[in-house]
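The structure appears below as structure tokens.
The values are calculated or read from the model by the stated rules, or taken from the named source; none is laboratory data. Predicted model only: the values in this text are computed from it and were never measured. Cβ sites come from the backbone with ideal geometry, for glycine too, and all protein chains shown count toward neighbours. All accessible areas refer to the heavy atoms of the entire protein, side chains included, with ligands and DNA or RNA removed. Shrake-Rupley method; radii C 1.70, N 1.55, O 1.52, S 1.80 Å.
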Amino acid sequence: MIYLDNAATTRTAPEVVEAMLPYFTEVYGNPGAIYSMGSAGKKAVSMARRAVASVIGAGQGEIYFTSGGTEADNWALKAAAEGCRDKGRHIITTKIEHPAVLRTCDYLEENGYQVTRLDVDRDGLVDPENLKAAIRPDTVLISVMFANNEIGVLEPVGEIGAIARERGILFHTDAVQAFGQVPIDVEEMKIDMLSASAHKLNGPKGVGMLYVRDGLKIGSFVHGGGQESKRRAGTENVPGIVGFGAAADRALRVMEENGRRERELRDYLIERIEAQIPWCRLNGHREKRLPGNVNFSFQFVEGESVLIMLDIKGICASGGSACTSGSREPSHVLSAIGLNSEEARGSLRFTLSAENTKEELDETVEALKDILDRLRGMSFSYISIR
């Protein structure tokens, strides 16, 4: 099998699994208990919190564990909006955000807030000047993703953070795709809140985090006990949190080398596709993109058919976000960068890891050429018959 869908999820690293195992069967006490098995779990959670914080230059006390990136996005937007409602009810985001942000904004609109969804250019980039122009006296929150999950574009987060801080507006970034993949410094980039998820960086599924800048007053998302400094109730998922910490520690150690390797593979795949497959278009900025992201539109085919035929050949890719798979609607991200329905439906996303090889990519390109020739031949025959 050739796995090229790492933006959907990654393989849990062996050292991460090894770190988690004792907390299922040996050190399984509730971390809220006072006996030694409980306190050992509490210590492990604290060490994981420190490891996760170090990836973004945050303090240990600024990290709150969640069930994943979606919960973290919901928490950030809802709590910030509610906490600032006396100052204003206007929120700014973009048209290419993850559904976890867009659907939460829809919910807030239904409850009396106003949301401005910024356009992006054909590369998927937000213009900071357009963002400035959208700010109103009642703007209380800006939420712009760090890196797009479909086309991999890296947004000008540092510029946006500086604008928000200067105007006294809270700034949240969905960094689920970027955390552990590219350098992030929350202090330097003036980020107030940041969402991340463990399974995007070789950690386990079902655990994520929300960074909340020290001193920021936002409310609890889950009410109950006093876990997570009384901000997120519920018994801690100790094995998952330990796994997140191990994955974060690993990501920090290998980020530079893995990034170099993934960029090399990414550019090689882009070059081969553009050189050998006609009627294709690269989606997203050519340089300002995640190291392992390749998104192409192929004319005269349905992407879903290509994916099924790739799967038969043992190659895993996707048509976009795993969170919108099964939808018959064109990708909102691809529509936002100017693709029509036909172009959007003919798009494929290949997301690489440092474990992939050029030989795998060569095999993928050859499979693509064969599949596209067959499908396009069928399409052209149908057109000629009509």
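Using a ≥ b ≥ c from the Cα gyration tensor of segment 269-380 (square roots of the eigenvalues), is it rounded, prolate or oblate, where a/c under 1.5 gives rounded and otherwise the larger of a/b and b/c decides, a/b for prolate? Each step should come with its number before you reach the end.
Working: a/c = 1.36, a/b = 1.07, b/c = 1.27.
Rounded shape, in that the Cα axes give a/c under 1.5.
For the pairs 132/190; 95/132; 200/313; 43/217; 190/230; 190/217, flag any whose C-alpha to C-alpha distance is greater than 20 Å.
On the way: 132/190 16 Å; 95/132 16 Å; 200/313 25 Å; 43/217 26 Å; 190/230 25 Å; 190/217 16 Å.
With Cα atoms farther than 20 Å apart: 200/313; 43/217; 190/230.
Using a 1.4 angstrom probe on heavy atoms only, work out the carbon and sulfur share of the accessible area of segment 109-211 in %. Numbers along the way, then the final one.
Working: 1580 of 3550 Å².
Carbon and sulfur atoms account for 44 percent of the accessible area of segment 109-211.
With a 10 Å radius around each residue's Cβ, average the other Cβ atoms per peptide and rank 131-140, 333-342, highest first.
333-342, 131-140
Going by average Cβ density within 10 Å per residue, which order do the peptides 238-244, 64-70, 217-223 take, highest to lowest?
The packing order, highest mean first, is 238-244, 64-70, 217-223.
Report the relative contact order of segment 188-313, percent, no decimals, based on alpha-carbon pairs under 8 angstrom and at least 6 residues apart.
Working: 113 pairs, mean separation 20.2, N = 126.
After rounding, I find 16 percent.
Under 20 Å between alpha carbons, and skipping anything fewer than 8 positions from residue 42 in its own chain: which aspartates and glutamates qualify?
Those aspartates and glutamates meeting the cut-off are 18, 26, 62, 228, 236, 249.
By accessible area of protein heavy atoms, probe 1.4 Å, what ranking do 122, 167 get, highest first? Don't jump to the answer; show the numbers that get you there.
Working: 122 135, 167 115 Å².
Ranked from most to least accessible, the order is 122, 167.
Scan the chain and note any complete DSSP helix (H) whose C-alpha atoms cover at least 18 Å along its axis and whose Kyte-Doolittle average is -1.0 or more. Present the calculation step by step, with values, prior to reporting the outcome.
Numbers: long enough: 36-55 (29 Å, 0.23); 69-83 (21 Å, -0.50); 238-276 (49 Å, -0.51); 358-385 (40 Å, -0.24).
Flagged H segments are 36-55, 69-83, 238-276, 358-385.
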